[in-house]
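A quick write-up on the structure given underneath.
The values are calculated or read from the model by the stated rules, or taken from the named source; none is laboratory data. Since this is a predicted model, take the numbers as computed values, not measurements. A quick note on method: Cβ atoms are made from the backbone with ideal geometry, for glycine too, and the neighbour counts reach across all protein chains shown.
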Amino acid sequence: MISPNESPEVKRAEALFDARREYEALWETAYRFIAPERAVFFRNESRSPNEVGDEIFDSTAIDSAERLTNLIMSGLTPPWARWFRLQPGASIRDPQLREQLRPLLELAEDKMLSVLRQSNFYQELQPLLLDRIVGGTGALKLAPTGTRLRFKSRPLAEVAIHEDNAGEVTEVALRYKLSLRDLQTAYPDRIPPDWVRKQPRDDRRDKLVYELHVRDPADGIWAHRVVLKETGTILEQDSSLHPRMFVTRWSKVPGSAYGRGPGLRVLADVRALNKLKELSLKNAALTVSGVFLVADDGVVNPYTLVLEPGARIPVAENNVNSPPIAELPTSRRFDVSEWSMDELRNSIKSVFMNDQFQPLGRTPLSATEVAERTRVLAQDMGATIARLQYELLVPVLRAVFAWLAERGELPPELEIDDTTLQLEFVSQLAQAQWAQDVQNILQMAGYAIQFGEFDARAGLAVDSHAALRKIAELQAVPSEVMRTEQEIAEIMEQQQQAQAMMEGEGDGVE
């Protein structure tokens, strides 16, 4: 057992958490108004989520953040549909070879999707996306256990990161507390016995644990360490080619490793709306219950004066012509506050992209309008979707593919490296980004037909067969509904033979 002051893992982890301290107050404020149940993770650990929630008077931001989370999940990684596919990489250019690989790659896709559905990936993806929206940064931990993969979304309050000069996250530190019982269950042979005997036997979570995940810049191998701070004992250590911690940012600010999400951008409007709603509710309560002036011979103490519904304020004397009890006039105009609140709500919904589709109950949108709005939404979120794919989805799918290859369920010679195999995303939002490519192909095919009416060579400029296959690829049409080149050739040959037989029979008729 070494002193925690001498443990390099503890020193490095604490240095990473010290470096992020300037952001903690901002994160706490954002979570307090947009995800109040998670705000207690930062500084006010003694406060309950209900106490934090008592400060919330308007739920527009909370609801909008949840809606954006669900929109990203259903549009990018729907659990009920195929949202990615494997394609032959850049080194495989032969069309016939690419078609031959298609069944094998679809089998690999099915196995990867099955592994993700059997794991808790989709359940843990939702809180990660919420962290990414509110605080700008989300973290997901991968823990292979036996025959299944397990994921765990780590709250932003527990995560500290460092990035290299290329902007890639190369160090991730986790900080959390466990009880003595949890430590003994998870690491029965690693905890120092002398230290255990000195600990009280209770279930308090007061044992601070650090996890450190560091990528070696030389070979790209990730080293994983779990350290008990009080003793400096390494509870777990291993290494892997693929990361166990995945960190993704909504957008980046130069000079900072942490991201900025829509929650931070709209925080000023959220706080203003919350305060305006609070004052409006208080004014409404005053209007309903009233505040009264009560004649009294004493002297009013301005330091103890409280204005609240039903309050009785002692005064030296009311007007002679007035009764002993008189009502105190209050502000009862809500038109200005309602107008301001509507403006703030619209601003918040716009930042959270919650105004793309009209509410249910109105005239339904046409399929063309829905497709166009989805394309606009994909364009508005293009940068953050690309970052989510690059920082989270692609590394997770590579790790899943490698895990299946290690178990012998996939050919070990294959690897998602963009050379032999590459990943493509085919969900609704991903396809919306390719809508322009589809329109360009259709437009060019239409031009070829028009020019072909007076120039036969121009009509042959576009290979309609290749264009149709490219559209099917962009639209993620299943390969089983598309005929191969060989099948098309056989059908055409059969049709020619049938045509020849019919013409021969016709020539024989007198």
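Go through the stretch 376-417 and give me each residue that's under 13 Å from K111 (Cα atoms), without any contact (Cβ under 8 Å) to a residue 12 or more places away in the chain and assigned to a helix (DSSP H, G or I).
A405
For the stretch 14-108, which fully contained helices (runs of 4 or more DSSP H) count at least 3 residues that are modelled with pLDDT under 85?
49-53
Taking the condition within 18 Å of E236 (Cα to Cα) and assigned to a helix (DSSP H, G or I), does L183 pass?
yes
Given the conditions (1) at pLDDT 95 or above; (2) part of a helix (DSSP H, G or I), report the number of the one that K141 does not fulfil.
(2) is the only condition that K141 fails.
State which residue is surrounded by the most Cβ atoms within 10 Å (Cβ to Cβ) when the search covers only the stretch 91-121 and only residues that are closer than 20 Å to P243 by Cβ and out of contact with any helix residue (DSSP H, G or I) (no Cβ under 6 Å at 6 or more places or on another chain).
Among those residues, the one meeting the criterion is L116.
Please specify each residue of the stretch 449-469 satisfying the condition of being under 23 Å from I488 (Cα atoms), in contact with a helix residue (DSSP H, G or I) (Cβ under 6 Å, 6 or more places away or on another chain) and either among the charged types (D, E, K, R) or not in a loop (DSSP other than H, G, I, E, B) (or both).
G459, A467
Go through (1) free of Cβ contacts under 8 Å to residues at least 24 places away in the same chain; (2) in contact with a helix residue (DSSP H, G or I) (Cβ under 8 Å, 6 or more places away or on another chain); (3) not in a loop (DSSP other than H, G, I, E, B); (4) not β-branched (V, I, T) for F246 and report which single condition fails.
(1)
Working only within the stretch 152-180, note down all residues that are part of a strand (DSSP E or B) and farther than 30 Å from G255 by Cα.
Listed by number, the residues that qualify are K177, L178.
When you look at G167, is it surrounded by fewer than 20 Cβ atoms within 10 Å (Cβ to Cβ), closer than 30 Å to Q118 by Cα and out of contact with any helix residue (DSSP H, G or I) (no Cβ under 8 Å at 6 or more places or on another chain), yes or no?
For G167, the condition - surrounded by fewer than 20 Cβ atoms within 10 Å (Cβ to Cβ), closer than 30 Å to Q118 by Cα and out of contact with any helix residue (DSSP H, G or I) (no Cβ under 8 Å at 6 or more places or on another chain) - is not met.
Quick check on the stretch 265-283. Is at least one of its residues closer than 21 Å to R154 by Cβ and outside any strand (DSSP E or B)?
no
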